[in-house]
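Here, each number is a calculation from the coordinates, and none is a lab measurement. Treat the numbers as computed from the prediction; the structure is a model and nothing was measured. Note that each Cβ is placed from the backbone with ideal geometry, even for glycine, and that neighbours are counted across all protein chains shown.
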Amino acid sequence: MTLPPLLPLHKQRQLSKTSGTYQILLLRIIALDSEPDLSSEQLYNLTFVDDASLRGQMEQCSFGKLQIVPTEYGVLDVRVQKNATNTQHTLLVEEAYQVAKTLVKEDVDTILDLVDGVMVVVPPGTLGGWTAFGSFNGKHTSYNNLWAGYLGATMHEIGHNLGLPHAYENGIEYEDHTGYMGTAPQQMYYPRKCYNGPNHWHLGWYSRTLEIDNDALTSPINVKLAAFVDYDGTTDEHYVIIKLGNYYLQYNRATKFNVDTSEMRDMVTIVESGDHKTNLVAGLDSQSRYWQSPIGIMIEVCRVNAFSNPNYVELSIGPSKTDCGVAVTQEPSTFPTPSPSMLPTPSLKPSGQQISTSISPTLTPSASPTRHSIISPHHTAVDLMVPSHTPTLLKETNPAPQKAIANTAPSEASTLKPVTNTTTIAVDPTASQEQGPINGDKPLSAIQMMLVVLLGALFVVTILILGIRCKRRQGRAKERSVTNQNKGVSEDVNPSNSDEAVFSSVKSDSLTDLSPNTSMNTFDEDSNGIFDGDEMNLSRVDEKL
């Protein structure tokens, strides 16, 4: 859709205003046959007053950097001499601008020169089945009737005014539902969310950002990516957006004013920027931990700190490999302290380059400017300077459920280009290259070590028990041998005597020695005492015989 005649391109600002006071004039068109369903008061409240209004949501997402305010005219009812039914809405908008200029009585070429933005509400019945429209890096937005009251629609269209393009996912337009630049539902005060990583970078609302030069990244580094909704609780050790070439990392925590983000909730989103659009390519969390860029840069989630203030995710970023060492999972301390290794430190052959075997957190962000540099949000502007030619909203009938994108291989993303004229992360080539056991094996966890110790203890106890039993059996055999030598064996026993006669002949001499209590008490310390006790009783009967 082309811009209305009253919005010539030479009147459009080449750079959008993304901070400070942003003054908006609301025009409510009243046609000959219809007018918008929302009254002037309702439009005013939905735009400037309510908590989940355009003003309220933009203020929260920007942490007060961008203040949407009304003009002294508030909502201006503009009567045009046309029917809305079966009429191109651009014709109504054109006449509305002319009438509004006479109502404000200002000596300007167009009312666009008076304000930062103009929102035009068109009555129902116009041609085309359109929903809403916003000029790119411009001042004009227009809405088909009730769409002017839907939070997702106003945040989307004003986003175009601020220089934000449509949000794609895997190459499909409008499919990124993490922020407002996808589709929008037909609902007031909903959804409460913000924008994706490259859009936030462009808007410049957060100063705690990090840009990494891919070419200078020669070994893994570990960083803390805080949720942007917790920006007010961050410190110098946290970043809110990380830029890797054309890719932007942002922690999409689903809470507070981002509670209604409908995709990749509580995940690290990876969004590519280029060709006047953004493209969501992956989402990472503690379950889906890895992603690799087309040029081999690896990203790994080491730990999710969901109960800290701010909430943050510890990431390891490196060329072809990452390192979530022991130090990464520990709470930050004043002085980095080496963690004890559970395994022997590997012996390295002498080389020309000194290699440190310390596993202290020497690669984590520090205050030293030679490690990480916080990049000004305005240092690198995202190239989003092409106007939109089509209506920018489609009805979101079913908000996309949270989905986990396969992150074992990159999607259809363009090859990263080297970053030029940018502050880089200085990586010491002599920094520890040995971050763990040889061949990249991970140290045994505490649970694994405990299991090994328990199995070893069980084995030792078993050997001891078997040894004790063997010694006891040897002792009993020796005792019987000595007894036979001292007493001798009677030779006048009639072998034809019955068992009853045998037991009768020894009854008076050995009955007390064969009492069950005596034998059980004697052998119950043995693990198989009952059997051994019976065996000893029969041995004593044989001795009497």
Going highest first, how would you order 124-130, 94-100, 273-279 by mean Cβ packing within 10 Å? 273-279, 94-100, 124-130
Does anything in region 444-480 have its amide N under 20 Å from the 7 Å Cα→Cβ label point of residue 286, and if so which residues? 444-449
Give me the percent relative contact order of region 9-163, please, defined on Cα pairs under 8 angstrom at least 6 residues apart. 31 percent
Quick one: which residues, 5 or more positions from residue 182 or on another chain, have an amide H under 5 Å from its amide H? H modelled 1.01 Å from N in the peptide plane, none for Pro or chain starts. 167
Going by a ≥ b ≥ c, the root eigenvalues of the Cα gyration tensor, does region 218-293 fall in the rounded group (a/c under 1.5), the prolate group (a/b larger than b/c) or the oblate group? rounded
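Please arrange 175, 300 by counting, for each residue, the other beta carbons lying within 10 Å of its beta carbon, fewest first.
Ordered from fewest to most neighbouring Cβ atoms within 10 Å, 175, 300 come out as 175, 300.
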What order do you get for 44, 195 when you list them from fewest to most C-beta neighbours inside 10 Å? 44, 195
Cleavage-rule hits, trypsin sites (Lys or Arg not before Pro), region 52-108, DSSP coil, Cβ neighbours within 10 Å at most 12: 105
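Gain in length, residue 259 to residue 51, computed as 0.36 nm per residue apart minus the alpha-carbon separation, to one decimal in nm? The partial results should precede the final answer.
Details: separation 208, 0.36 × 208 = 74.88 nm, distance 1.40 nm.
Extending this stretch completely gives an extra 73.5 nm.
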Cα centroid separation - region 70-97 against region 192-269, whole Å: 40 Å
How large is ³J(HN,Hα) for each residue in region 446-452, as worked out from phi by the Karplus curve 6.51 cos²θ - 1.76 cosθ + 1.60 (θ = phi - 60°), to whole Hz, x for Gly and Pro? 4, 5, 4, 5, 5, 4, 4
Span from the region 142-164 Cα centroid across to the region 29-53 one, whole angstrom: 13 Å
Proximal charge balance of residue 255 [Cβ under 14 Å; K/R count +1, D/E count -1]: +1
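For a Förster distance of 56 Å, can you work out the FRET efficiency between the beta-carbons of residue 450 and residue 21, rounded to the nearest 0.05? Don't jump to the answer; show the numbers that get you there.
Details: r = 61 Å, r/R0 = 1.09.
The computed FRET efficiency comes out at 0.35.
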Row for region 175-216, column shape: gyration tensor on C-alpha, a ≥ b ≥ c, rounded if a/c < 1.5 i.e. under 1.5, prolate if a/b over b/c, else oblate; value prolate
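Among the listed pairs 224/321; 65/256; 82/139; 243/321, give every one whose C-alpha distance is greater than 20 Å.
Beyond 20 Å: 82/139.
Rounded, prolate or oblate: which one fits region 59-179, using the alpha carbon gyration tensor with axes a ≥ b ≥ c (rounded when a/c is under 1.5, else prolate when a/b beats b/c, else oblate)?
Judged from the Cα gyration tensor, region 59-179 comes out oblate (a/c at least 1.5, b/c at or above a/b).
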